[in-house]
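Everything on this sheet refers to the single structure shown next.
Bear in mind that the values in this text are calculations on the coordinates, not laboratory data. Bear in mind the structure is a predicted one, so any value in this text is a computation, not a measurement. Using ideal geometry, Cβ is built from the backbone for each residue, glycine included, and neighbour counts are taken over all protein chains shown.
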Amino acid sequence: MAKAAEVEMDRGAGGRGWWKGLRVSTPEYYAVCAVGGMLSAGTTHLAVTPLDVLKVNMQVNPMKYTSILSGLSTLVREQGPSALWRGWGGKLFGYGAQGGFKFGLYEYFKKVYSELLVGQNRTFVYLLSSASAQVFADVALCPFEAVKVRVQTQPRFAKGLVDGFPKLYASEGFTGFYRGLFPLWGLSILMFSTFEHSVDILYHHVIQKRKEDCSRVQQLSITCMAGYISGAAGTVISNPADNIVSSLYNKKADNALQAVRSIGLINLFTRSLPVRFTLVGPLITLQWFFYDTIKVFTGLPTSGGTSDDYYETNS
């Protein structure tokens, strides 16, 4: 594998990027993945802030915010158009930090576990890599998410991150920032595994070509399709955890079990699901598209598959 780590990555990407000589399994490679994840996650989450504001309010006050159109209308009528962008700082900086850790560390852990667990089921490697990366990613996100949710649902709490952080710390202490940490860990763990398998299926059964034989446009198209599939699947699977997080951060419950009892089992899966479908599918698609565009621009191949797959086809 030492020799494989020296393989230049321009062949799989369809050409050499401005960062010439970039190689896998180096600090520079993981830095590109981290920066790509930070930029893609931060900007895409910022773009969908209005829908996120509506989603959180639908979760916290479902009797008042019953649908997407009526909910948006109620927010604008009662709080003004600026209410739709409340919490934008938490979206940009919080999810930017999360994306940097999530994408960068996922690539690192996938490499490590692929070598440690030779012959192990790929799904297990993907899930273990994702879970390992998510631990660090959500520790970085949690404080931003804690303030964001309160800013979005409690207009008098704070205007944003600058006054929200000290106010939350003064009222709840350090633990207030991490009240929803455990439910957050369950939100994105399956995203990478679903994406990886979708990429494999699309190349093998739809295009029926190897990745390195495809053009950049074809590779990025596969990225978008797999991104949407992983986003749609993740929306359904993660909806209960997302509802629990909103409930905890708005002090509707003291712990996850109490939140489940308060929300109800059926509502746990259905509450805010339509707006999350509208939000998460396009969001994850754009996120993967921006991330892989950055990788292609730096001479790297698009995402999907274990590191060994790439080495075997390029050595």
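Each helix, a run of at least 4 DSSP H residues, gives -39500 (n - 2.57); summed and divided by the residues of the chain, these come to -22500 deg cm²/dmol at 222 nm.
Within region 130-196, the trypsin sites (Lys or Arg not before Pro) that combine a DSSP coil assignment with at most 16 other C-beta atoms in a 10 angstrom radius are R156, K159. Applying the criteria of a DSSP loop state and at most 14 other Cβ atoms within 10 Å to the trypsin sites (Lys or Arg not before Pro) of region 209-286 yields K209, R210, K251. Here the contact order of region 23-308, divided by its residue count and restricted to Cα pairs under 8 Å and six or more residues apart, works out to 23 percent. Rounded to the nearest 20, the Cβ-based charge dipole of the chain about its Cα centre (Lys and Arg +1, Asp and Glu -1) stands at 980 debye. Simple rule: put +1 on each Lys or Arg Cβ and -1 on each Asp or Glu Cβ in region 162-242, find the dipole, and look at H204, F182, C224; the Cα lying farthest toward the positive end is H204. Look at the dipole of the chain built from charges on Cβ: of N250, T123, A41, the Cα furthest out on the positive end belongs to N250. Expressed per residue, the C-alpha convex hull volume of region 85-154 stands at 74 Å³. Exposure proxy for W185, W88: other Cβ atoms within 10 Å of each Cβ, ordered fewest to most, give W185, W88. With 32 Å as the limit on Cα-Cα distance, the pairs of K64/K159; K91/K111; K91/K251; K55/K167; K111/K159; K159/K295 that go past it are K111/K159; K159/K295.
Labels on offer are [x] 24.8, 89; [y] 18.9, 56; [z] 20.3, 63, and the one holding Rg and Dmax of the Cα atoms in Å computed from this structure is [z].
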